[in-house]
Ligand code: NAI
């Protein structure tokens, strides 16, 4: 917060968006961000702090790639982190430095030439000297629709879609699969792109849950698919990749409407226009990924504080 008086509004039960885990009777399940890596020095330093606070831990995983109908080990030396005990935790740590975090949905905004007024169901939530959006492109675009003519660069930022949907499914099997892999990148034309064994993650559900992410092409085309159909596609894919018949105990699905980075969307890093007292940050402006989301916010904060 750089000494500034910051108020955070978030419509979710807790802030963090795709950095979240679902609490179930079996324990936490990661439907959104599966893990994150730290390649920049600044984010590596942040991860060291989170490690020291116990907010994250390393996920030591055996990874594989499925392509050309073959499943093959694909080890590497990158450290992959997960939040502890859930993906929320690193975000929670960041919010501890913020005095006011309000759980409400901002549904309209106004700029009086100097300050921004925020509203929820016509009730004013406050008047602020700067307005920062850390939300998906579409949600920022909707709230800012009448203000984008004031900022030509904002129109460019909203011109093409940055994020596409991602269906996620948790498939609980009646017994554990004997397979040496914890995470599988599917690199072939299939409806799914990623399979992960939840029990391989420290402090996640230890029963036989497999988390499946669907491709953006499939998710876009099947945006309103029945969950029953989605589950059958997920199980079919699991059976093909794991090369065995599976017995499903339970399943649940989650649709992320704005999740996966469009590969052709430009990397703006962040958006800031001082005369409009307006900033935008998020993974979608900075190439996707958790680290890039953090860097986007970090760089915007530096631009604001000059
Ligand atoms: P990362 O560096 O592990 O992964 C980046 C990409 O590199 C992977 O998607 C995969 O295609 C490839 N890759 C990484 N390790 C590999 C290995 N051992 N063998 C073969 N290919 C490998 O992690 P990063 O960049 O920090 O991203 C985190 C993860 O979150 C990625 O897997 C990414 O695909 C996923 N993600 C998923 C989204 C969704 O909505 N489903 C949205 C954004 C990211």
Show me 5-18, 198-211 ranked by packing, highest mean number of other Cβ atoms within 10 Å first. 198-211, 5-18
Between residue 115 and residue 13, what is the FRET efficiency for a Förster distance of 30 Å, r being their Cβ-Cβ separation, to the nearest 0.05? 0.55
Taking the chain and dividing mean pair separation by its residue count, relative contact order in percent (alpha carbons under 8 Å, at least six apart): 21 percent
If I stretch the segment between residue 243 and residue 289 completely, what's the gain in nm (0.36 nm per residue apart, minus their alpha carbon distance), one decimal? 13.5 nm
Between the stretch 1-62 and the stretch 137-190, what's the alpha-carbon centroid distance in Å? 17 Å
For the chain, modelled as a GNM with alpha-carbon contacts under 10 angstrom, which of 109, 171, 56 fluctuates the most? 109
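Could you compute how fast the stretch 8-72 diffuses translationally, taking Rh as the Kirkwood radius over C-alpha pairs and applying Stokes-Einstein at 4 °C with viscosity 1.567 mPa s? Give it in µm² per second.
On the way: Rh = 14.9 Å.
Rounded to a whole number, D works out at 87 µm²/s.
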Do the sum for the chain: with -39,500 (n - 2.57) for every DSSP H run of n ≥ 4, divided by all residues, what is the mean residue ellipticity at 222 nm, to the nearest 500 deg cm²/dmol? -7000 deg cm²/dmol
Quick one: what do you get for the stretch 85-205 if you divide its Cα Rg by 2.2 N^0.38 Å? 1.54
Using a Förster distance of 25 Å, the FRET efficiency for residue 236-residue 262 (Cβ separation, nearest 0.05): 0.40
Could you check the spin-label model distance between residue 65 and residue 78? Points 7 Å from the Cα along Cα→Cβ, value in nm. 1.2 nm
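Out of all DSSP beta bridges in the chain, what portion is antiparallel? Express it as a percent rounded to 5.
Working: 46 of 57 bridges.
Of those bridges, close to 80 percent are antiparallel.
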So the pair-distance distribution of the stretch 31-165, from every Cα-Cα distance in 10 Å bins, comes to percents of 9, 26, 27, 25, 10, 3
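Sort 25-36, 94-105 for me by packing, meaning the mean count of neighbouring Cβ atoms within 10 Å per residue, highest on top.
On the way: 25-36: 20.3, 94-105: 13.1.
Ranking the peptides 25-36, 94-105 by packing returns 25-36, 94-105.
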A student asked for the Cα radius of gyration and Dmax of the chain in angstrom ought to give 20.4, 63
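Taking 41 Å as R0, compute the FRET efficiency from the Cβ-Cβ separation of residue 305 and residue 185 and round it to 0.05.
Details: r = 39 Å, r/R0 = 0.95.
Approximately 0.60, to the nearest 0.05.
Since every read-out is calculated from the coordinates, none of them should be taken as a lab result. Everything numeric here is computed off the predicted structure, so don't read it as measured data. Cβ sites come from the backbone with ideal geometry, for glycine too, and all protein chains shown count toward neighbours.
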